[in-house]
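Novice: Right, I'll just put the structure down here and ask away after.
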Amino acid sequence: MQLRRSGAYSAIVPHRLLATRRPEKRIRVADLVVECAGLELDRLYERLNTRATGLSIAEAAARLAEHGPNVLAKDHRPSAWRMLWHAVLNPLVILLAVLATISFATGDSRAATVMLAMIALGVGLKLYQEAKANTAAARLKEMISVKATVVRDGAPREIAIAELVPGDMVQLTAGDMLPADLRFVQTKDLFVVQGALTGESFPVEKFDTEQAAPTKSPLERTTVGYLGTSVSSGAATAVVVATGKDTYLGGMAESIQERPAQTAFDRGIARFTWLMIRLMAVMVPLVFVINGITKGSWADAFFFAVAVAVGLTPEMLPMIVTVCLSKGAVAMAEKKVIVKRINAIQNLGAMDVLCTDKTGTLTRDQVVLERYCDVSLREDENVLALAYVNSHFQTGLKNILDRAVLAHEEIHSHARVPELTKVDEIPFDFERRIMSVVVRTPEGKDRIISKGAPEAIFPRCRTFALDGKLLPMDHPHIEELKKEYERLNADGLRVLALTTKDVAPHAAVKGHGVYGKADECDLVLQGYVAFLDPPKETAAGAIEALRHHGVSVKVITGDNDIVARKICRDVGLPTDCVLLGDAVEPMTDEQLADAAEKTTLFARVSPAHKERIIRALQSRKHTVGFLGDGINDAPALHVADVSVSVDTAVDIAKECADMILLEKSLLVLDDGVIEGRKVFSNIVKYVRMGASSNFGNMFSVLGASVFVPFLPMRPIQILANNLLYDISQTAIPTDAVDVEQIQLPRAWDMRQLTRFIVFVGPCSSVFDYTTFVLMLSVFKCWDVSTPSVAAHSQSLFQAGWFVESLLTQTLVVHVIRTNKIPFLQSRSSPFLMATSAVIMATGVILPSTPLGRYLGFSALPPLYWPFLALTVLSYVILTQLVKTWLLRHRWI
């Protein structure tokens, strides 16, 4: 018979068995980098044992031998044999291998082949996960550039960055990637793009002297730069402080090379596996001993116990899980979502918290001109025209703000650009924080158009323009003027002020330009242009859809909290609870878990903070998803239960992600959540059915072993029952799912499963025992007076139990698959209905066929069938009543 079994197949070894727990790696800026950030140059050179003219070749060679090459992580990839050993070092793999060996030895090649196939599937998935982690680290290693300009023996030279050592002096210009963690010792108009690490949309200014408070996050220190960031504009000389694995990015590389943590799905599978193994460990020896004592044949008892063990082995669940997940992956692919790890589909369905980065996921990752307005914040195309002229005539490299202005080509004619002639330019510098161009108008005047930070522009203005009038900057409304500007800042916008000044044409001065910094005075403030990395059009709708389906969304970003608040408001997320990285740093894990429960927005956080936040939420039994697309998101993607990236993400983010969105519409995430819940629901149908029947069958087998005067079922009959039942369950992945079962997250709950097993399981035993009584009393199977009569009694009893067992366990899945009334309020898929009907018909016919006689069955008498119909109907009704009672008490 099919011993109504359950279990789970997992290639994950529980932490407490056969494994040593490696210490968790914390991603952090090296202490030496933080220390060097605030040192004077003399002390800095002394601390690093270097000098302004750089190291000598001999010194560099000695340090290279001491510190090792400047690579992100050593290639710790284990050998194929070592990976295989770790994959098979699993209790269920070992159990299946032992049973397969016994099955081969006893001639049951079918069972052995199925179990070996399950071993290959589980071990293969495990090997794939190990290879994925190693590949992710390798991709990160490939991201660094090949060459760097270093000063050796007082002369600059190009060397491979792998040869850089602490104490080296490097020279950087626009476009260079920082080759190590550095301390800047000389800067000129230096802006660094570090969004890859922090998520900031705009370049940040760096200096050779500390400008930030020492208490701030190390990533915000203004005198240090980090491997993986790049120079946007300007130039610098810097001294190397940390290389290779000691860099901040190196720590990230090592963290994602660690074996991935168990996800919620993996943990549930592992716990269930151990539950079923414990059940088998108790039941199989009992069956062996009882049958050996009561039947007198220890050989028969041994083969029967082996058959029971095969029946209890979860040989079917791996196929059910794999097919369900594969079907979900195909459905997701049709919606332009590539699923890299099929287990992630179920995790997506169980997800109740989605953490997302801001830049590139909620936002477009493209700075746009959001506002152009006068000083009262009313839209004013004249202000846009002034900004356009300034950016158009500016020479040199256009920054992202200039490009956002010049994207408004429709203003070209309004700005009268063809009528203007450039006269001069006053370049930007970091003392003034202003950039000006001078153009000659058709009226013959020279117009100075300046743009810059409002706090730098205001002191140079004498008047401001409002409603066609010029009002003095000391006008009574000046405070209101400042408040209007601060409103733009409060909205998270990057603001530049625009001014004009009309003057009579100047004469050129020999050796100098026509105009200079002294001319940037008595300006007229015209208004502001404000920039933002705006939210994606689909973000708000996706967040609302996720919220409707029970998934709370939290934003975790390295950008500043003002900008992040603005984006959150735009996409409909509350910003009442905001936690900054500075506050996260000193928190214990327990404190962070408490804070993370109620916080919606985490801002100014580092990659290490992101990882800690994910782990903190997981510690509170949440199934956590993470959506990110930058290098700084890789650690969080690595530890999340389900990690999602987008097609435009950096390679390392896509490598770490479980699934990739090929469309920028985040609404497909909601579709994925629903698909994941369908997958989980179908997996649970099989687990519930198998586990509950298995629990009930334990009592049936033990009772039959004690009271029946012969083996209640031959080993070959048990295996035949297994085969037929397995065929009937292959249709479960195609089954429909009730809408009510996919409205909210569904996580693996062992308490619910245990309650279901305890209450529903014994229902099967009730009708197994009624069948025993029927066969022994009504059909006289007690009679073993002669060998021929005993043989007939045994074959008749076994046929009766075989048919009753097969029909009830095949039919009960239709009760368990829904919380409604089966067949009336909820119907299974046509394929599941068809397979159930075919298998039940086969079970009815089999005892009367030659194959049935070969298996050791006798034809069942006509009186048996009315009793069977009553048994099956009563079993379905009782199971439905118990299920309804459990649902009413919210126990399942």
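The values are calculated or read from the model by the stated rules, or taken from the named source; none is laboratory data. Since the structure is predicted, the reported quantities are computational estimates derived from the model, not experimental observations. In this analysis, Cβ positions are derived from the backbone assuming ideal geometry, glycine residues included, and neighbour counts consider all displayed protein chains. Accessible surface is based on the protein model in full, side chains and every heavy atom, while ligands, DNA and RNA are left aside. Shrake-Rupley method; radii C 1.70, N 1.55, O 1.52, S 1.80 Å.
Novice: In the stretch 267-288, which residues are farther than 17 Å from LEU719 by Cβ, of a type in the set (Val, Ile, Thr) and touching a residue at least 12 places away in the same chain (Cβ under 8 Å)?
Specialist: Once the filter is applied, which keeps residues that are farther than 17 Å from LEU719 by Cβ, of a type in the set (Val, Ile, Thr) and touching a residue at least 12 places away in the same chain (Cβ under 8 Å), the stretch 267-288 yields ILE269, THR273, ILE277.
Residue by residue, here is whether (1) open to solvent by 80 Å² or more (accessible area, probe 1.4 Å); (2) over 29 Å from ASN560 (Cβ atoms) holds:
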position	(1), (2)
ILE411	no, yes
GLU425	no, yes
SER436	no, no
PHE458	no, no
PHE464	no, no
GLY468	yes, yes
TYR485	no, no
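Novice: Which of the residues belonging to the stretch 355-378 are open to solvent by 10 Å² or more (accessible area, probe 1.4 Å), of a type outside the set (Val, Ile, Thr) and in a strand (DSSP E or B)?
Specialist: If the condition is that a residue be open to solvent by 10 Å² or more (accessible area, probe 1.4 Å), of a type outside the set (Val, Ile, Thr) and in a strand (DSSP E or B), then LEU369, GLU370, ARG371, TYR372 are the ones that fit.
Novice: Checking ASN697 against (1) in contact with an Asp or Glu (Cβ under 8 Å, 6 or more places away or on another chain); (2) open to solvent by 10 Å² or more (accessible area, probe 1.4 Å); (3) at pLDDT below 80; (4) not hydroxyl-bearing (Ser, Thr, Tyr), which single condition isn't satisfied?
Specialist: Failing condition for ASN697: (2).
Novice: I'd like to know if the stretch 740-752 contains one or more residues that are part of a helix (DSSP H, G or I), over 24 Å from VAL306 (Cα atoms) and of a type in the set (Lys, Arg).
Specialist: yes
Novice: I'd like to verify a number: residues in the stretch 220-235 that are open to solvent by 10 Å² or more (accessible area, probe 1.4 Å) and either farther than 15 Å from LEU39 by Cα or part of a strand (DSSP E or B) (or both), how many?
Specialist: Number satisfying all stated conditions: 7.
Novice: Hey, can you tell me all the residues within the stretch 616-634 that are part of a strand (DSSP E or B) and either modelled with pLDDT of 90 or more or surrounded by fewer than 24 Cβ atoms within 10 Å (Cβ to Cβ) (or both)?
Specialist: Within the stretch 616-634, VAL624, GLY625, PHE626 meet the criteria.
Novice: Is it fair to say LEU753 is more than 30 Å from GLY550 (Cα to Cα) and surrounded by 14 or more Cβ atoms within 10 Å (Cβ to Cβ)?
Specialist: In short, no.
Novice: Still on this model: What number of residues in the stretch 730-739 are part of a helix (DSSP H, G or I), β-branched (Val, Ile, Thr) and either modelled with pLDDT under 85 or closer than 15 Å to MET689 by Cα (or both)? Quick ask: steps written out before the conclusion?
Specialist: Keep residues of the stretch 730-739 that are part of a helix (DSSP H, G or I), which gives 732-734, 739.
Of the ones still in play, those that are also β-branched (Val, Ile, Thr) are 732, 734, 739.
Pick out the ones that are also either modelled with pLDDT under 85 or closer than 15 Å to MET689 by Cα (or both) and you get 732.
Residues flagged as part of a helix (DSSP H, G or I), β-branched (Val, Ile, Thr) and either modelled with pLDDT under 85 or closer than 15 Å to MET689 by Cα (or both) within the stretch 730-739 amount to 1.
Novice: Right, another one. How many residues are free of Cβ contacts under 8 Å to residues at least 12 places away in the same chain and open to solvent by less than 90 Å² (accessible area, probe 1.4 Å) when one looks only at the stretch 847-864?
Specialist: Residues meeting the conditions: 1.
Novice: Just give me the residues in the stretch 704-719 being open to solvent by 10 Å² or more (accessible area, probe 1.4 Å), over 46 Å from the mean Cα position of the chain (by Cα) and not hydrophobic (A, V, I, L, M, F, W, C), in sequence order.
Specialist: Of everything in the stretch 704-719, those that are open to solvent by 10 Å² or more (accessible area, probe 1.4 Å), over 46 Å from the mean Cα position of the chain (by Cα) and not hydrophobic (A, V, I, L, M, F, W, C) turn out to be PRO709, ARG714.
Novice: Next question. Please state which of the following conditions THR770 fails to meet, knowing it meets all the rest: (1) over 35 Å from the mean Cα position of the chain (by Cα); (2) open to solvent by less than 50 Å² (accessible area, probe 1.4 Å).
Specialist: For THR770, the failing item is (2).
Novice: So, in the stretch 438-456, of the ones that are closer than 17 Å to LEU525 by Cβ and among the basic types (Lys, Arg), which residue ends up surrounded by the fewest Cβ atoms within 10 Å (Cβ to Cβ)? First the steps, then the outcome.
Specialist: Initially, the stretch 438-456 is screened for residues closer than 17 Å to LEU525 by Cβ, giving 447-456.
From what is left, the residues that are among the basic types (Lys, Arg) are 447, 451.
Numbers: ARG447: 18, LYS451: 24.
This residue is ARG447.
Novice: Pairs under 9 Å by beta carbon, first residue of a type outside the set (Gly, Ala, Ser) in the stretch 773-793, partner in a helix (DSSP H, G or I) and open to solvent by 90 Å² or more (accessible area, probe 1.4 Å), six or more apart or different chains?
Specialist: LEU776/PHE707; CYS781/HIS792; ASP783/HIS792
Novice: Counting just the residues of the stretch 430-472 that are within 19 Å of VAL495 (Cα to Cα) and part of a loop (DSSP other than H, G, I, E, B), which one comes out modelled with the highest pLDDT?
Specialist: Checking each candidate, the answer is ALA453.
Novice: If you don't mind, there's one more thing I want to ask. Residue by residue through the stretch 565-595, note down the ones that are touching a residue at least 40 places away in the same chain (Cβ under 8 Å) and either open to solvent by 40 Å² or more (accessible area, probe 1.4 Å) or of a type in the set (Gly, Ala, Ser) (or both).
Specialist: Matches in the stretch 565-595: ARG565, GLY581, ASP582, GLU585.
Novice: While we're here: Give me the pairs: first residue in the stretch 802-815 and open to solvent by less than 10 Å² (accessible area, probe 1.4 Å), second residue basic (Lys, Arg), beta-carbon distance under 8 Å, and six or more apart or on different chains, which are they?
Specialist: Between residues of the stretch 802-815 that are open to solvent by less than 10 Å² (accessible area, probe 1.4 Å) and residues that are basic (Lys, Arg), the close pairs are SER805/ARG4; GLN809/ARG4; VAL813/LYS685; VAL815/LYS883.
Novice: Look through ARG494, ARG487 and report the one residue that is out of contact with any helix residue (DSSP H, G or I) (no Cβ under 9 Å at 6 or more places or on another chain) and not β-branched (Val, Ile, Thr).
Specialist: One residue alone meets the criteria, ARG487.
Novice: May I pose another question? On the basis of being at pLDDT below 75, of a type outside the set (Ser, Thr, Tyr), open to solvent by 10 Å² or more (accessible area, probe 1.4 Å) and in contact with a Gly (Cβ under 6 Å, 6 or more places away or on another chain), does ALA196 make the cut?
Specialist: Yes; evaluated as a whole, the condition is true for this residue.
Novice: If PRO847 passes every condition in (1) within 25 Å of LEU753 (Cβ to Cβ); (2) touching a Phe, Trp or Tyr at 6+ places or on another chain (Cβ under 6 Å); (3) not small (Gly, Ala, Ser) but one, which one does it miss?
Specialist: (1) is the only condition that PRO847 fails.
Novice: Right, another one. Out of all the residues in the stretch 75-93, is one or more at pLDDT below 80, outside any helix (DSSP H, G or I), surrounded by 15 or more Cβ atoms within 10 Å (Cβ to Cβ) and in contact with a helix residue (DSSP H, G or I) (Cβ under 6 Å, 6 or more places away or on another chain)?
Specialist: Yes, because at least one residue in the stretch 75-93 is at pLDDT below 80, outside any helix (DSSP H, G or I), surrounded by 15 or more Cβ atoms within 10 Å (Cβ to Cβ) and in contact with a helix residue (DSSP H, G or I) (Cβ under 6 Å, 6 or more places away or on another chain).
Novice: Of all the residues that make up the stretch 323-338, how many are of a type outside the set (Lys, Arg), outside any helix (DSSP H, G or I) and open to solvent by 30 Å² or more (accessible area, probe 1.4 Å)?
Specialist: 1
Novice: Output the number of the condition that PRO586 fails; it satisfies all remaining conditions of (1) part of a helix (DSSP H, G or I); (2) out of contact with any helix residue (DSSP H, G or I) (no Cβ under 9 Å at 6 or more places or on another chain); (3) closer than 19 Å to SER217 by Cβ.
Specialist: (1)
Novice: Does ILE727 count as in contact with a Phe, Trp or Tyr (Cβ under 8 Å, 6 or more places away or on another chain), of a type in the set (A, V, I, L, M) and assigned to a helix (DSSP H, G or I)?
Specialist: Answer is no for this residue.
Novice: Does the stretch 639-649 contain any residue that is modelled with pLDDT of 85 or more and either farther than 29 Å from ILE742 by Cα or open to solvent by 20 Å² or more (accessible area, probe 1.4 Å) (or both)?
Specialist: no
Novice: Answer yes or no as to whether ALA653 is in contact with a helix residue (DSSP H, G or I) (Cβ under 7 Å, 6 or more places away or on another chain), open to solvent by less than 10 Å² (accessible area, probe 1.4 Å), of a type in the set (A, V, I, L, M) and at pLDDT below 85.
Specialist: Against the criterion (in contact with a helix residue (DSSP H, G or I) (Cβ under 7 Å, 6 or more places away or on another chain), open to solvent by less than 10 Å² (accessible area, probe 1.4 Å), of a type in the set (A, V, I, L, M) and at pLDDT below 85), ALA653 qualifies.
Novice: When you go through (1) over 23 Å from GLY516 (Cβ atoms); (2) open to solvent by 50 Å² or more (accessible area, probe 1.4 Å); (3) assigned to a helix (DSSP H, G or I) one by one for LEU481, which number turns out not to apply?
Specialist: Here LEU481 clears every test but (2).
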